[in-house]
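The values are calculated or read from the model by the stated rules, or taken from the named source; none is laboratory data. Being a predicted model, the structure only gives us computed values, none of them experimental. Backbone-built Cβ (ideal geometry, glycine too); neighbour counts: all protein chains shown. The accessibility values were calculated without ligands, DNA or RNA, using every heavy atom of the protein model including side chains. Shrake-Rupley method; radii C 1.70, N 1.55, O 1.52, S 1.80 Å.
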Amino acid sequence: MLKTEPAAISSVEFFDRARARLHFDVPPGLFDPNIVPPSGDAGTDRMLEILAREQPIRPAAVLIPVVDHPQPTVLLTQRSAHLNDHAGQISFPGGKIDATDATPLDAALREALEEVGLTREFIDPVGYLDLYGTSFGFRILPTVARVRPGFKLRINEAEVDDAFEVPLAFLMNPDNHQVHSKEFRGIVRSYYAMPFAERYIWGATAGILRVLYERIYLP
């Protein structure tokens, strides 16, 4: 059964807390392989340390678009099935940081426009969330943003199969945060999953949403 009770804080309080707790300082670990972003899971931390020694890090930026409806939602995408990385998975708009991007925020805004046609006029950036490392070597810096309703999306079918909204109350309800585990070279690591209707939200996307919950909803 889906648990979609209203979040414990209002939309106004969510954005107020986010503005008070987040900022736009770029963490050095985004580009420095010697700084491994902590995950809170010993197995995952060990995996990230190994990957940082074996392959170049891949700096990336994503947008967490919180749509300011009376009951806020989060805009997510389903990546195209033919992509090399994370094919078919649920994701945030975003991708690798290009040399032409002045900041990670610029990268996230550019990718949101390219992938789903979400234009800058509807986006009010709030601040960066914690740096997130993945098993593919990505260092992801998420930008939380308030998105004004009324936008019209244009799906780039070369990158995205679909875009949809999930209630923030569902995603921020810890009862919906399943903990799964898998093995990496004999090391057991944990990851989050947040199944919603026919959508299976897991991996980096679910992990970043869990970080959002911990940063905004916990004291």
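Points worth noting:
- The sum of -39500 (n - 2.57) across all DSSP H runs of n ≥ 4, divided by the residue count of the chain, sets its helix-only mean residue ellipticity at 222 nm to -7500 deg cm²/dmol.
- Structure remark: mean-square fluctuation, Gaussian network model of the chain, C-alpha springs under 10 Å; the largest value among A204, A61, A158 belongs to A158.
- The value obtained for the stretch 129-218, namely the Cα convex hull volume divided by the number of residues, is 143 Å³ per residue.
- Cα-based Kirkwood hydrodynamic radius, the stretch 59-145, one decimal, Å: 13.3
- As a calculated quantity, the FRET efficiency between A42 and R199 at R0 = 41 Å, using C-beta atoms, amounts to about 0.90.
- Packing here is the average count of other Cβ atoms within 10 Å per residue, and on that basis the peptides 53-60, 73-80, 136-143, highest first, run 136-143, 73-80, 53-60.
- Per residue Cα convex hull volume in Å³ - calculated over the stretch 58-213: 117
- For the stretch 204-211, putting each phi into the Karplus relation 6.51 cos²θ - 1.76 cosθ + 1.60 with θ = phi - 60° gives couplings of 4, 5, 5, x, 5, 5, 5, 4 Hz, in residue order, rounded to whole numbers and with x for Gly and Pro.
- Neighbourhood net charge (9 Å Cβ-Cβ; Lys/Arg +1, Asp/Glu -1) for F15: -1
- Among the protein heavy atoms of the chain, carbon and sulfur supply 52% of the accessible surface, probe 1.4 Å, non-protein parts ignored.
- Computed over protein heavy atoms with a 1.4 Å probe, the accessible surface of the chain works out to 48 Å² per residue.
- For the stretch 163-210, the percent of C-alpha pairs falling in each 5 Å distance bin, counted from 0 to the bin holding the largest distance, reads 5, 20, 31, 22, 10, 7, 4, 1.
- Counting Lys and Arg as +1 and Asp and Glu as -1 over every other residue whose Cβ lies under 12 Å from the Cβ of P125, the net charge comes to +1.
- The label-point distance for N34 and E54, in a model that sets each label 7 Å from Cα toward Cβ, rounds to 2.3 nm.
- Expressed to the nearest 5 percent, the antiparallel share of DSSP beta bridges inside the chain is 75 percent.
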